[in-house]
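> Before I ask anything, let me first share the structure, which is written out below as structure tokens.
The values are calculated or read from the model by the stated rules, or taken from the named source; none is laboratory data. Owing to the predicted nature of the structure, the values given are computational and were not obtained by experimental measurement. Note that we place each Cβ from the backbone using ideal geometry, even for glycine, and neighbour counts take in every protein chain shown.
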Amino acid sequence: MSLSAYHSIKFITDERGKRYDVIIPFKIWKSINEELETLREKQQILSGLQQACKEAKMQERGELPEQSLDEFLNEL
């Protein structure tokens, strides 16, 4: 994103000068949304891995029954 694109960001303020809205060019908005979606996908993957590690530890302690490969694949 070019620096000049950031100069076109506009803020809407109240009578005391407090910012309450922002107007940004569509190109910047689209870029932000794409990055947000990427971060959401990464977070979902990391959460899934974290849950899998917890379940593996529970299985090792006998607190959760182990799954067969077929059962695991059926969950996908």
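> Might you let me know whether segment 14-34 holds any residue that is assigned to a helix (DSSP H, G or I) and among the hydroxyl-bearing types (Ser, Thr, Tyr)?
Checked segment 14-34: at least one residue is assigned to a helix (DSSP H, G or I) and among the hydroxyl-bearing types (Ser, Thr, Tyr).
> Criterion first (surrounded by 11 or more Cβ atoms within 10 Å (Cβ to Cβ), assigned to a helix (DSSP H, G or I), at pLDDT 90 or above and among the hydrophobic types (A, V, I, L, M, F, W, C)) does Ile45 satisfy it?
For Ile45, the condition - surrounded by 11 or more Cβ atoms within 10 Å (Cβ to Cβ), assigned to a helix (DSSP H, G or I), at pLDDT 90 or above and among the hydrophobic types (A, V, I, L, M, F, W, C) - is not met.
> Output the qualifying pairs, or none if there are none: Cβ atoms under 9 angstrom, residues six or more apart or on different chains, first residue in segment 1-28 and of a type in the set (S, T, N, Q), second residue at pLDDT 90 or above and surrounded by 10 or more Cβ atoms within 10 Å (Cβ to Cβ).
Correct list of pairs: Ser8/Ile23; Ser8/Ile24; Ser8/Pro25; Ser8/Ile28.
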